[in-house]
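The values are calculated or read from the model by the stated rules, or taken from the named source; none is laboratory data. The shown structure was predicted, so the numbers you read here are calculated from the model rather than taken from an experiment. Cβ atoms come from the backbone with ideal geometry, glycine included; neighbour counts cover every protein chain shown. Please note that ligands, DNA and RNA were not included when accessible areas were found on the heavy atoms of the full protein model with its side chains. Shrake-Rupley method; radii C 1.70, N 1.55, O 1.52, S 1.80 Å.
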Amino acid sequence: PHTSDVFVCSFVIPSHHQFTMKIVAALALTASMATAFAPNAIPFTARQSTSLSAVSVAQIKELREATGAGMMDCKKVLTEFDGDVEKAAEELRKKGLAQADKKSSRIAAEGKIAMASVGGKTVLVEVNCETDFVAKDDSFTKFAGLAAEAAAGLDGEDVEALMAASVEGGTVESVRAGLVSKIGENIQVRRVAARGSDSTTTGAYVHMQRIGVLVEIEGGTPELCTDIAMHVAAMNPAYATKDDVPAEDIE
């Protein structure tokens, strides 16, 4: 709520003629005061903002599609850069990185597991966010899939290497920062699991986007790997093979 000074003026109108005379006198006095205080040497010229006139609906739409930023944010930054879409996009990217840094300390315990396969290699990537609502968002789902595809093209399971990988729109890290700016939640790639070589077969199963199992076998088919992965997800065994079981558990 806003507060303001309120001036209340009450008067009585005794007759129509007296009221008319008072109004005419008041208008005459106002005109006289305006003439007395108006600067004679400086003519008044109406100016239109060059920046505002330079921004079109098409430019705002183009910037929104390129960055995913809100309409008002796009309009504001386009106005600042006189309608230059490229400069505006770069400014939004910088702001997105700053916002991502501010949100990085917030707890991200929700999210999903994405899967991707390239040749004989299969990877699982866990991507976290703050709420289950965002975990179901299309933009978040798209980013998780993009991260998994990028991971499938790398060697190893290093998250830092994944974040530096080049993808459409920049790097995985820059796309993540842009998504943080758009959605407003902390989003992090937590871990990567990768299996597969020329001599093995791999497959994976993801249950409800929250449980991921990756299986690698010698021989067999990817379908067999997926079937085994489904059983592992259901049973949650403590060990993968009998050789993994410690002696104290056998006794």
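Just checking, does the stretch 201-214 include any residue being in contact (Cβ under 8 Å) with a residue 40 or more places away in the chain, closer than 17 Å to G120 by Cβ, open to solvent by 40 Å² or more (accessible area, probe 1.4 Å) and of a type in the set (S, T, Y)?
No, that holds for no residue.
Working only within the stretch 174-227, note down all residues that are touching a strand residue (DSSP E or B) at 6+ places or on another chain (Cβ under 8 Å) and of a type in the set (S, T, Y).
The answer is S197, T200, T201, T202, Y205, T221, T226.
Evaluate the stretch 169-189: report whether one residue or more is in a loop (DSSP other than H, G, I, E, B) and either open to solvent by 40 Å² or more (accessible area, probe 1.4 Å) or more than 20 Å from A109 (Cβ to Cβ) (or both).
Yes, the stretch 169-189 contains at least one residue that is in a loop (DSSP other than H, G, I, E, B) and either open to solvent by 40 Å² or more (accessible area, probe 1.4 Å) or more than 20 Å from A109 (Cβ to Cβ) (or both).
Kindly establish whether V189 is within 26 Å of F143 (Cβ to Cβ) and touching a Cys at 6+ places or on another chain (Cβ under 6 Å).
no
Please work out if V189 is under 26 Å from A88 (Cβ atoms) and aliphatic (A, V, I, L, M).
Details: under 26 Å from A88 (Cβ atoms): no; aliphatic (A, V, I, L, M): yes.
It is false that V189 is under 26 Å from A88 (Cβ atoms) and aliphatic (A, V, I, L, M).
Within the bounds of the stretch 121-131, is there any residue that is open to solvent by less than 10 Å² (accessible area, probe 1.4 Å) and in a helix (DSSP H, G or I)?
No; the residues of the stretch 121-131 include none that is open to solvent by less than 10 Å² (accessible area, probe 1.4 Å) and in a helix (DSSP H, G or I).
Do the conditions hold for L146, that is, is it within 20 Å of the chain's Cα centre (by Cα) and either at pLDDT 90 or above or surrounded by fewer than 18 Cβ atoms within 10 Å (Cβ to Cβ) (or both)?
Taking the combined requirement at face value, the residue satisfies it.
Contact list please: Cβ distance under 6 Å, first residue in the stretch 228-251 and without any contact (Cβ under 8 Å) to a residue 12 or more places away in the chain, second residue of a type outside the set (D, E) and loosely packed, with under 10 Cβ neighbours inside 10 Å, pairs at least six apart or on different chains.
Listed pairs, sorted by first residue: none to list.
Looking at A204, A148 in this structure, which one is under 22 Å from E223 (Cβ atoms) and part of a helix (DSSP H, G or I)?
Criteria check complete, one pass: A148.
Determine if the stretch 174-182 includes at least one residue that is without any contact (Cβ under 8 Å) to a residue 40 or more places away in the chain and not polar (S, T, N, Q).
Yes, the stretch 174-182 contains a residue that is without any contact (Cβ under 8 Å) to a residue 40 or more places away in the chain and not polar (S, T, N, Q).
Among the numbered criteria (1) under 30 Å from C225 (Cβ atoms); (2) modelled with pLDDT under 90; (3) among the hydrophobic types (A, V, I, L, M, F, W, C), which single criterion is violated by L154?
Looking at each condition in turn, L154 falls short on (2).
Under 6 Å by Cβ, and 6 or more places apart or on different chains, what pairs join a residue from the stretch 63-79 that is within 16 Å of S174 (Cα to Cα) with one that is at pLDDT below 80?
A66/A89; T67/A89; T67/L92; A69/L92
Could you check how many residues of the stretch 91-111 are open to solvent by 20 Å² or more (accessible area, probe 1.4 Å) and either in a strand (DSSP E or B) or modelled with pLDDT of 85 or more (or both)?
Matching residues across the stretch 91-111 total 1.
Return the only residue of A234, A247, A240, A193 being within 17 Å of A148 (Cβ to Cβ) and hydrophobic (A, V, I, L, M, F, W, C).
Answer to the check: A193.
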